[in-house]
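Structure first, then comments.
Only the coordinates and a few stated rules stand behind these numbers; no lab work does. Note that the structure is predicted; figures quoted are calculated from it, not measured. Note: ideal-geometry Cβ built from the backbone for every residue, glycine included; neighbour counts use all protein chains shown.
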Amino acid sequence: MRTVLIEPTENPKVMKFVTDYNLIPGSLELDRTSDVSEIPLAQELFNYPFVERIFITANFVAVAKQDTVEWEHVVESLKNIVEDELLANPRIYLQKKKEMYQIYAEMTPNPNVMKFVSSKLLMEGFVEVKTKEAAEEVPLAQAIFKEFDFVTEVFISDNFVAVTRNHSVEWHQVMMTVRALIADYLQNGGEISKIEPQKHENPVEKIINRDYTEDEQKISDILNEYVAPAVENDGGKISLMEYDQASKTAKMLLQGACSGCPSSTATLKNGIENILKQFVPDLVEKVEAVNG
């Protein structure tokens, strides 16, 4: 429930209903001749015949009434309407279903990376932005870098955004603020990426510009079936980058939450290396990490 406080003004005909966040950029002044078809809050308030005007700006809604009623008789009812309507449409204007995103934060095995998961698909595939300067073609990443100095990388894939922090902050200090920015950006129809996402099936092709050999394909197939789902669930991405047939070494490209993760080496040694040795013992004896 949105918390709304009732605040009198110097004008006895006007009452402010103050919330804990900015409602809209700029301001909005409405009377009974205004088009409020896309503003459910105004529609509900104007259902009360004594409401003359509505003014919305910053973090409050101001309501001007006629002299036919006293505030003490109606103010709680109006407050309830403001609370209910802000809960349904936090940004005042009617949100179409296709624009509604629910975002929640989720820890990853990498303590520096937080995963922000969306109720809607963000893209088919993934994009990785490793510096603020590289974010120009990925507007969502650009917005995150612009707002937060502590962000070092942004990885967008399927229905989540994985954000990497530096050591100037702890996630418990900033997690809700980052979540709110991502949610607001998506709710307001912000563009996610101007560049074509890399495909999950074989992202290495774009990096090394070659097809897999038969042996590499066997290794990749095992990764995709037994390893990739768990890694992607943790906000990361793992792909076969290079295979050395002579030394039977498979080099893995680590991206997203996997990149720079303290547990990556252990995961590769204890998990992925064992899986590959089990399924293709004639091909793999050793696994190495290459941070993306």
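Quick look at the numbers
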item: Order of 61, 290 - criterion: other Cβ atoms within 10 Å of each residue's Cβ, fewest first; result: 290, 61
item: 252, 241 arranged by Cβ crowding within 10 Å, fewest neighbours leading; result: 241, 252
item: Antiparallel DSSP beta bridges within the chain, as percent of all bridges there, nearest 5; result: 90 percent
item: Sorted by Cβ neighbour density within 10 Å, fewest at the top, the residues 239, 27; result: 27, 239
item: Among (i) 130; (ii) 148; (iii) 119, the entry derived from the coordinates for volume of the Cα convex hull per residue in Å³; result: (ii)
